[in-house]
Amino acid sequence: MPDPNPYRYNYFSHKKKKNLTITGIMILILALTAILFIIRNDRQNKVEPNVNMEKEKKSSTPAKTPSAKQIESNQNLSFDYQEKDNDLPIKQNELTGAEPQNKRNMIIKRAQPEEWVSDVDREREKGVMLFEDVIRQCLQTRESINQLQSEYNSTCLGTTYDAFGNVIDLSSTAKCQHLRTTINSLKIEIEKNLELAQYNARKSGVYPGQIREILSKYGFDDH
C-alpha cells in the first residue's frame, strides 16, 4: 500500500530535526542568560542604594553626646588647677580630650556646694530690707513736710491789715493753723517710725553699723 504522505520523511529529515533542536537550545540559553542578567542588575540596583544609605547615615551621624548624668558630673567639676612641686604622671584630660599644656600635675577640684545660710542670717537680711523700706517711707514723709513748710513760710509769716486798719497775724488764720498742725503731726509720725524701725531692726539681729549706714544713706544721721 503506497504511503499517503510520501514527503513526510523528507520534510522531517534527521538533519532538519538536529538543526531545529540546536536552534531551540540556543534560543533557550540566550533567554535564560538574558533573564539572569536582568535579575542580577535588579539585585545590584537594590543593594547599591542600601549601601549608599548606610554610608550617608554613617557620615551624617552626629558625634556621641554625653548623657545627662555625665553632664551633671562635669558641671560639678571646677577646673581649678593647682601646680604641685612633685612631678607626677600627666593624665590626658578625660573631659575635653585635650592634652594639658602644663607639664606639671593638675588637680580637678570639685566645686564647693552652695554656702549654707543659717536662720539667723536670713532673719537679719529680712530685717535689713524691712528697715530700709521704712526709712524710705520716712524720706517721702520728710519731703512732704518740707513742701508744707515752704507753703507755710510763704503764706503764714508776717502781718496784714483788715479793712479797718487792724493788724492781722497771718499765722492765726485757719489755713495757716491747719498747715502748722499737719506739719507737727507729720514730724511726730516720722520720729515714731524711725524709733520703731530701729527697734525692730535690732530685734531682727541687724548690726548697728548696718543701721547707721542706712540712716546716713537717706539723710537721717542725727537719729
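Structural remarks
- Set the Cα radius of gyration of the stretch 118-223 against 2.2 N^0.38 Å, with N its number of residues, and you get 1.55.
- Computed on the stretch 133-177, with alpha-carbon pairs under 8 angstrom and 6+ residues apart, the relative contact order is 26 percent.
- Modelled spin labels at Leu28 and Glu125, positioned 7 Å past Cα toward Cβ, are 9.8 nm from each other.
- Considering only alpha-carbon pairs that sit under 8 angstrom and 6 or more positions apart, the relative contact order computed for the stretch 110-215 is 41 percent.
- As a ratio to 2.2 N^0.38 Å, the alpha-carbon radius of gyration computed for the stretch 161-223 takes the value 1.89.
Each value in this text was obtained by applying a stated rule to the coordinates, not by laboratory testing. Keep in mind that what you see is a predicted model, and the values were worked out from it rather than measured. So basically every Cβ, Gly included, is an ideal-geometry build from the backbone, and we count neighbours across all protein chains shown.
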